[in-house]
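Read-outs: derived from the displayed coordinates by stated rules, not from any lab. Just so it is clear, the model here is predicted, and its values are computed rather than measured. Cβ placement follows ideal geometry from the backbone for every residue including glycine, while neighbour counts extend to all protein chains displayed.
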Amino acid sequence: MEYITGLCYSILMEYGISAKEKGTDVFYFVNWSPLSLADRWIINAKVPSVAGIYEIYWMDDHDHLRLLRVGDTHYGGLRSELRRLTDPELIDDAAAKKILEDEEIWFRYAPSNSAATMADVIWFFRATYFPENPGVSHSGRYRKIFLNESAPDKLIWVP
């Protein structure tokens, strides 16, 4: 007798961004990787060399994570961009360099193969975190953009 059992997962198994269009609106779902300590060996071992979005944090004196940078990367991929942005020897910004030298740095990422999707998601994050000046624009494909996040470590950063 043969039994066929289907597996049912209550969470997504892979990190990344998915989208569901409804008319002229879009609903994005970002499934973040777990937070990891920004160490060159960890980045080289765990982070894929594909396009995607990332967030970089630093730990303050009260053990709270503070957002240092949110962005996307296309050429070179997440691995090289996170490696570059978390190494104080490779960064030119004096304020960021001081934080990288003195503080504990953490990161997370979500791969994506769509530049337009990454533009929409990064615009949403930056417009939420920095409403006075997001500094980026969305793809222009949708009238409204909605977003939901999932993180295995339960961190949903709110400024």
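Taken residue by residue, the stretch 90-102 has no member that is assigned to a strand (DSSP E or B) and not small (Gly, Ala, Ser).
For the stretch 103-139, the set of residues classified as surrounded by 15 or more Cβ atoms within 10 Å (Cβ to Cβ) and assigned to a loop (DSSP other than H, G, I, E, B) consists of Glu103, Ser112, Pro134, Val136, His138, Ser139, listed by residue number.
Just to be sure before I move on: is Leu85 closer than 29 Å to Ala19 by Cα and more than 13 Å from the chain's Cα centre (by Cα) in the structure I sent? For Leu85, the condition - closer than 29 Å to Ala19 by Cα and more than 13 Å from the chain's Cα centre (by Cα) - is met. For the stretch 14-36, enumerate the residues that are within 17 Å of the chain's Cα centre (by Cα) and part of a loop (DSSP other than H, G, I, E, B). Answer for the stretch 14-36, where residues must be within 17 Å of the chain's Cα centre (by Cα) and part of a loop (DSSP other than H, G, I, E, B): Glu14, Tyr15, Trp32, Ser33, Pro34, Leu35. Inside the stretch 121-154, residues that are acidic (Asp, Glu) and under 13 Å from the mean Cα position of the chain (by Cα) make up a count of 1. Leu65 meets the conditions (1) surrounded by 14 or more Cβ atoms within 10 Å (Cβ to Cβ); (2) in contact with a Pro (Cβ under 7 Å, 6 or more places away or on another chain); (3) not basic (Lys, Arg) in every case but one. The failed one is (2).
Take Val47 and decide whether it is under 13 Å from the mean Cα position of the chain (by Cα), farther than 18 Å from Glu103 by Cβ and either among the aliphatic types (A, V, I, L, M) or surrounded by 19 or more Cβ atoms within 10 Å (Cβ to Cβ) (or both). Criteria met by Val47. Looking only at the stretch 37-70, residues that are without any contact (Cβ under 8 Å) to a residue 24 or more places away in the chain and part of a strand (DSSP E or B) come to 1 in all.
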